[in-house]
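The values are calculated or read from the model by the stated rules, or taken from the named source; none is laboratory data. Here the structure is a predicted model, which is why all the values come from computation and not from measurement. Note that each Cβ is placed from the backbone with ideal geometry, even for glycine, and that neighbours are counted across all protein chains shown.
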Amino acid sequence: MRYKVKTAPVLFPAALDDVKRNVHIDTADIDTDRDALLNDLIKDAITASQNATGRQYCRATFYLYMDAYPEGGEIEITAGPVAAITSVKYLAPGATELSTLDPSKYQLDSIELTARLRFLESFSVDCSRMNVIEIEFTNGWTTAADVPADIKQAVVLRACESYLHPENPTVNHGIGLRTTIAEIKEKDYKVQRF
């Protein structure tokens, strides 16, 4: 399975004022260049945090591509939380265009961060081709207020670290592995891979 962003989010879970407070900048102090830099660092921190957890924080639209019908007729969508399935399309044997699966033929379970999609009836796909199943779905929390506090704090901490130490990447030098508070806050939201 592979994911591709269709529509990126325009809403971010960390506010500029939160980062300013953490780096001891007066929130009333407006410096256009510095604020633009901080906003860029917030976006970078969100990307880094999402990559670390394997989750999508703010509402976006994604595609999930598969090369074959799933064994057991069920898949997990880890880029959650998943709000809704927009469409499921598949390439039938001998077809040249994707067919849309009727929504009554699948069921979404999105009560956890990792959603499950179950196909209620099997269908055949062209096994000689790649990306024969395309699932479009919306994911991420609806508003910044809905994003869990630990995730917001992790993003703020990552942005602050980048601002205060722009040339100080985290490096493992053998016996000691540095774990940041941001990583600890993200831990409960990580995709579990076994």
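Laid out as a table, the results:
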read-out	value
Scan of the stretch 130-146 for residues that are surrounded by 17 or more Cβ atoms within 10 Å (Cβ to Cβ) and modelled with pLDDT under 95, ordered by number	G140, W141
N51 being farther than 15 Å from I133 by Cα and either touching an Asp or Glu at 6+ places or on another chain (Cβ under 6 Å) or free of Cβ contacts under 8 Å to residues at least 24 places away in the same chain (or both)	yes
Some residue of the stretch 88-97 being among the aromatic types (F, W, Y) and more than 24 Å from the chain's Cα centre (by Cα)	no
Extreme residue, nearest to the chain's Cα centre (by Cα), among residues of the stretch 62-87 that are surrounded by 19 or more Cβ atoms within 10 Å (Cβ to Cβ) and of a type outside the set (A, V, I, L, M, F, W, C)	G80
Pair list, Cβ under 6 Å, 6 or more apart: the stretch 169-194 residue over 17 Å from P81 (Cα atoms), other residue modelled with pLDDT under 65 and part of a loop (DSSP other than H, G, I, E, B)	R178/T170
One residue from L157, L117 being over 13 Å from F12 (Cα atoms), of a type in the set (A, V, I, L, M), buried (at least 21 other Cβ atoms within 10 Å of the Cβ) and outside the structural domain of K185 (by TED's automatic domain parsing)	L117
Residue within the stretch 160-167 that is modelled with pLDDT of 90 or more, touching a Ser or Thr at 6+ places or on another chain (Cβ under 7 Å) and of a type in the set (G, A, S) present	no
Among residues of the stretch 1-31, those that are in contact (Cβ under 8 Å) with a residue 60 or more places away in the chain and assigned to a helix (DSSP H, G or I), counted	3
Selection from the stretch 32-43 of residues that are free of Cβ contacts under 8 Å to residues at least 40 places away in the same chain and within 17 Å of R158 (Cβ to Cβ)	N39, D40, K43
Per-region count, the stretch 35-65, residues closer than 30 Å to D126 by Cα and assigned to a helix (DSSP H, G or I)	0
Hits in the stretch 92-129 - residues which are under 15 Å from P70 (Cβ atoms), in contact (Cβ under 8 Å) with a residue 40 or more places away in the chain and either out of contact with any strand residue (DSSP E or B) (no Cβ under 7 Å at 6 or more places or on another chain) or not in a loop (DSSP other than H, G, I, E, B) (or both)	R116, L117, R118, F119, S122, S124, C127
Set A83, A79, A68: member being of a type in the set (A, V, I, L, M) and assigned to a strand (DSSP E or B)	A83
